[in-house]
Amino acid sequence: MKRFVLIALAFVFAVPLMAQKKKKNEEVKIEVPPLNYDSKTNLISYSGVVETKGTTTELYGKALVWMKSYYKNPADVIRTKDLEGGKLIGKARFRIWDQKEVTGTKTQAGMIEYDISISCKDGRYKYAITNIGKKQQTFYPAEKWDAANKSEYKRMYASYLVQMDEELNKIVESLNAALAEGAESKEEEW
């Protein structure tokens, strides 16, 4: 009888502990935002045409100043400067991280590379961020993370996609703010 009571008590205490441990091991899913796919290439890209005040030369100058101030090493990023055509082309990268859900510790997961181009015309400019992927021995496009994550959820891929989307949206916001500065025309006072 004592043995039966001991087994019953052990079972009563063990079930809640096992359930609690199972809850700790369950992952909280990371919600991936809708990504911008180019309709022609079917690749992830961030692009837009923005109407603003300014000539081609003024907008090009603002874009060049933005690139030189935004990136830590602009000489490494900027690949093409074409004042006459109003075009800037660059290749840049940023770091992504793996974060353990339980402990919250971060470890480096690698670098995301991307191409950025800015084309300026009188009264408008176009930006395009393309060729987005992880830098490794061979280029690993971000579209593969999205496809793999859609077929079977992988926390790591979802985390990479969220970090990528956040960083690229910050770049677009910063560029738009820099090219909008001083857009209001000020009348000279005599």
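The values are calculated or read from the model by the stated rules, or taken from the named source; none is laboratory data. In this text, all values refer to a predicted model and were calculated from it rather than measured experimentally. Positions of Cβ are generated from backbone atoms using ideal geometry, with glycine treated the same way; all protein chains shown enter the neighbour counts.
Some points to look at:
- Scanning the range 137-154 for residues that are free of Cβ contacts under 8 Å to residues at least 24 places away in the same chain and within 16 Å of the chain's Cα centre (by Cα) yields Tyr140, Lys144, Trp145.
- The single condition from (1) farther than 30 Å from Thr56 by Cβ; (2) touching a residue at least 40 places away in the same chain (Cβ under 8 Å); (3) part of a strand (DSSP E or B) that Ala158 fails is (3).
- Of all residues in the range 161-185, those being touching a residue at least 40 places away in the same chain (Cβ under 8 Å) and not in a loop (DSSP other than H, G, I, E, B) number 16.
- Filter result for Gly110 (surrounded by 12 or more Cβ atoms within 10 Å (Cβ to Cβ), part of a strand (DSSP E or B) and in contact with a Lys or Arg (Cβ under 6 Å, 6 or more places away or on another chain)): yes
- Any hit, the range 130-139, residues being in contact with a Ser or Thr (Cβ under 9 Å, 6 or more places away or on another chain), farther than 20 Å from Asn42 by Cβ and either of a type outside the set (Ser, Thr, Tyr) or at pLDDT 90 or above (or both): no
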